[in-house]
Amino acid sequence: MGCAMMACPDVSAGEELMLWYRQPAHNWVTEALPIGNGDMGAMIFGDPVADHIQFNEKTLWRGSDGANDLGTYLNFGDLYITFTDSLDEKSDYIRRLDLSHALATVDYTTAAGGYSHEYFASNPDGVIAIRYTAPGGSGRTAEIRLSSGQGAATAYSPAGNASFSGQLDNGMKYHCGAMVLAPDGQIEASDRGLTVNGAEDIIIFLSCATDFDPLQAGHLSGEDPSAGVNHRLHNAISKGYERVKADHIADHSRLFSRIDFALSGARNDLPTDSLLRSDSAAHRAMTDMLIFQYGRYLTIASSRGGAVPSNLQGIWNKDGSATKSAVWASDIHSNINVQMNYWPVESANLSECHMPLLNYLRNEALRPGGAWQRNAADLGADEGWVVNTAGNIFGGSSAYKAGKYSVAGAWLCDHLWQHYVYTLDRAFLREHAWPLMQSAARFWLKRLVRANDGSLECPNEYSPEHGHIQNATAHSQQIVTMLFSNTLAAIDSLGLTENQALRDSVSTALEHLDRGLRVDSCGLLREWKYQANTPNLPADTLYWANDEANVWQGHRHLSHLIGLYPGFLISPDGDQELFNAARATLNDRGLTSTGWGRAWRIALRARTRDGKAAYEALRGFAHPTRSLKYDWHGGLYDNLLDAHATSVFQIDGNFGATAAIAEMLLFSGPDGMIALPALPSEWPDGHIRGLKARGNIEVNITWADGKVTSMETIRQK
């Protein structure tokens, strides 16, 4: 039933930032809606009869710090609520995710009146909260079942408690607890679950945790996590649902409301699945606003709290079980994916959300004798640290490309530097970033080898994710150029006169470093120094090609363009031959890619200051899909999660698109800023308030007819 026969939601008073649907979710990947508090996450289905909440906590992992023990991220559990009372025919069903307040809701009516569901994940109180409300005099009967994703048995009590505990093979302890409140009903318990009878109001608080401790030598405290879980549950009950909700909204809004982005004429008057499929200019503008703000919402929901960064799915994963790994282990993948997860945090005014990644880097890189230091030693270095490509929360990894891709740590150092240049937090630079940056620089001073042409090269690298293993890939050379440049800038910013010897060594190495910037006979940027670029093939050709077989040219990675974005080595204001080669390379690779590959293409086009091309890439990123088959076309599912190439979503595309839209609206580089560098004609009028620029500056821009009408810069204290 459409809006012609029932009222559309009122989106006129700031509620336009909302995903909404006329039916419950049935598919976890394509339809369920994510909530999260930075550590815990849940997927909401919103069925009025048989509701389902699947939940995660970001530290529940198999594996260890071993180089061949990646393990997998795990599903914590599921909560099932089945209403067994008979209701009249339901109408006016609407399911929402309010991005501004981080609330998921369901409303519908029967002859008895209106029913509602409400769901949120509170950061201040560390709980997932759920409320079911029935109209007065319509007490409901519900069966509630809590299920462990790892097979632990659940215990229930007549007091409304449900809980399970367990221990993984790696020694990690975990615990989950839920408390059900039915002040106007009765609760019964059995070994199958809890039954609530005659309740007009049912409230559930849920919390879960492990004994993961990143500061312990073995990453585990050995303590029982149930005490902390029970404390959070009892505290939430003591505060009461409405206060927990109010504190949650205030906490989320403090971060989310920093940016106000509006495109004139945007309308959210279609359900989101229909909005995605509309060719209307008003609906496309609304979709673009939602894409930008959804990435910010997901960042707040997945990257707060403990020193564990967002993984390939942020914190949301249904597949890791006692007998089955998640797809790609839902790992911390460091050849672009975890980096892309954090591309938007500074420009989109969420610097605090950078800290789980930056703290993870500090804990693992500086851990005496830890996995990352052992990785460096395995490569013959007595200093520094190396991140392997496919990693876990313990610093461990799989053997995938181990010893063949050693620049990930150098690339991650750029995140340390970007956090500093956006915040100007000198204490962070001195105490947190500098020890990691100088250690990484010392590793590369020893790792580089002298080539026959006299230049310094990164040995035994590859260009993610294809090409023969060889010296001096453009990707590795550009990354080490960035590391050395940032290291020199950090020394100068901190006035580290005692590090003059290191400064001299880095400066000399940078002078002789092959920077990975050369143009081939076709006018394209070369991806390799010692082999020609391979023939361009469609991105959906040879699904299962060996990524070292040199047959996958037209694909998701544009590794040799890192110097254009997120780096600053290639610029329309710099060497024109290099810039033209980068632009030609973008044309050669084409737009078709997986979701995150499309997001990167938007940002790269924005750096060329080509609004038309950036918008074309954005439209490709935003094309609707419900495919769960293996393909290379990306798109957005009905819940706006980014489609990769399999039956899972991959969240880096959502984050990359947010960063890319920010880049279209504001360029902030080492030498200054440019307003609306890649504004498309499809966004003629609008405003963006609260974007961040380097130098701890907030920027407000208003435009009309494609021209800036006002621009305000506010230096933050």
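The values are calculated or read from the model by the stated rules, or taken from the named source; none is laboratory data. All values reported here derive from a predicted model rather than from experimental measurement. We place every Cβ from the backbone using ideal geometry, glycine too, and count neighbours over all the protein chains shown. Please note that ligands, DNA and RNA were not included when accessible areas were found on the heavy atoms of the full protein model with its side chains. Shrake-Rupley method; radii C 1.70, N 1.55, O 1.52, S 1.80 Å.
Tabulated results
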{"read-out": "With 5 Å bins from 0: P(r) over the range 282-412, alpha-carbon pairs, percent", "value": "2, 10, 18, 20, 17, 14, 9, 5, 2, 1, 1, 0"}
{"read-out": "Taking all pairs of distinct alpha-carbon atoms in the range 171-210, Kirkwood radius in angstrom", "value": "11.7 Å"}
{"read-out": "Intensity falloff of the chain expressed as log10 I(q)/I(0), Debye formula with alpha-carbon point scatterers, at q = 0.10, 0.12 Å⁻¹", "value": "-0.97, -1.37"}
{"read-out": "Isotropically averaged projected area of the range 401-543, using the convex hull of Cα atoms (one quarter of hull area), nm²", "value": "10.4 nm²"}
{"read-out": "Accessible-area order (highest first, 1.4 angstrom probe) of the listed residues Glu118, Glu548, Glu498", "value": "Glu498, Glu548, Glu118"}
{"read-out": "Solution diffusion estimate, µm²/s, Stokes-Einstein, the range 196-290, Kirkwood Rh from C-alpha pairs, 10 °C, viscosity 1.306 mPa s", "value": "87 µm²/s"}
{"read-out": "Magnitude of the charge dipole, the range 27-124, Cβ model with Lys/Arg +1 and Asp/Glu -1, debye to 20", "value": "220 debye"}
{"read-out": "Estimated 222 nm signal from helices in the chain, with DSSP H stretches of n ≥ 4 weighted -39500 (n - 2.57), rounded to 500", "value": "-9000 deg cm²/dmol"}
{"read-out": "R0 of 51 Å, Cβ-Cβ distance His623-Asp425: FRET efficiency to nearest 0.05", "value": "0.80"}
{"read-out": "Exposure ranking of Ile130, Ile674 by accessible area [1.4 Å probe, largest first]", "value": "Ile674, Ile130"}
{"read-out": "Nearest-0.05 FRET efficiency for Arg22 and Lys324, computed from C-beta distance (R0 35 Å)", "value": "0.55"}
{"read-out": "Rounded to the nearest 20 debye, dipole of the range 557-635 from Cβ charges on Lys, Arg, Asp, Glu", "value": "400 debye"}
{"read-out": "Cα-based Rg of the range 95-217 normalised by 2.2 N^0.38 Å, two decimals", "value": "1.23"}
{"read-out": "Distance in nm between pseudo-label sites at His468 and Asp201 (7 Å out along the Cβ direction from Cα)", "value": "7.2 nm"}
{"read-out": "Across Lys245/Lys692; Lys404/Lys529; Lys404/Lys446; Lys612/Lys692, pairs whose alpha-carbon gap is larger than 22 Å", "value": "Lys245/Lys692; Lys612/Lys692"}
{"read-out": "Residues whose placed amide H lies under 5 Å from that of Asn471, excluding near-sequence neighbours", "value": "Asn460, Glu461"}
{"read-out": "Within the accessible area of the chain (1.4 Å probe), percent carbon and sulfur", "value": "48 percent"}
{"read-out": "Local net charge near Ser280, Cβ-Cβ under 14 Å (Lys/Arg +1, Asp/Glu -1)", "value": "0"}
{"read-out": "For the range 66-116, alpha-carbon Rg and Dmax in angstrom", "value": "19.1, 61"}
{"read-out": "Area accessible to solvent at Val338, 1.4 Å probe radius, in Å²", "value": "0 Å²"}
{"read-out": "Relative contact order computed over the chain (Cα-Cα under 8 Å; 6+ residues apart), in percent", "value": "12 percent"}
{"read-out": "FRET E, pair Lys707, Ala489, Förster distance 35 Å, beta-carbon r, rounded to 0.05", "value": "0.55"}
{"read-out": "Nearest-10 value in Å² for the accessible area of Ser325, using the 1.4 Å probe", "value": "60 Å²"}
{"read-out": "The chain, dipole about Cα centre (Lys/Arg Cβ +1, Asp/Glu Cβ -1), debye to the nearest 20", "value": "1040 debye"}
{"read-out": "DSSP-defined beta bridges in the range 564-717 - what % are antiparallel, rounded to 5", "value": "95 percent"}
{"read-out": "Solvent-accessible surface ranking, highest first, for Glu89, Glu511, Glu352 at 1.4 angstrom", "value": "Glu89, Glu511, Glu352"}
{"read-out": "Pairwise label distance in nanometres, Asn587 with Ile714, each label 7 Å out on the Cα-Cβ vector", "value": "4.3 nm"}
{"read-out": "Per residue, in Å², the accessible surface of the chain once ligands and nucleic acids are set aside, probe 1.4 Å", "value": "34 Å²"}
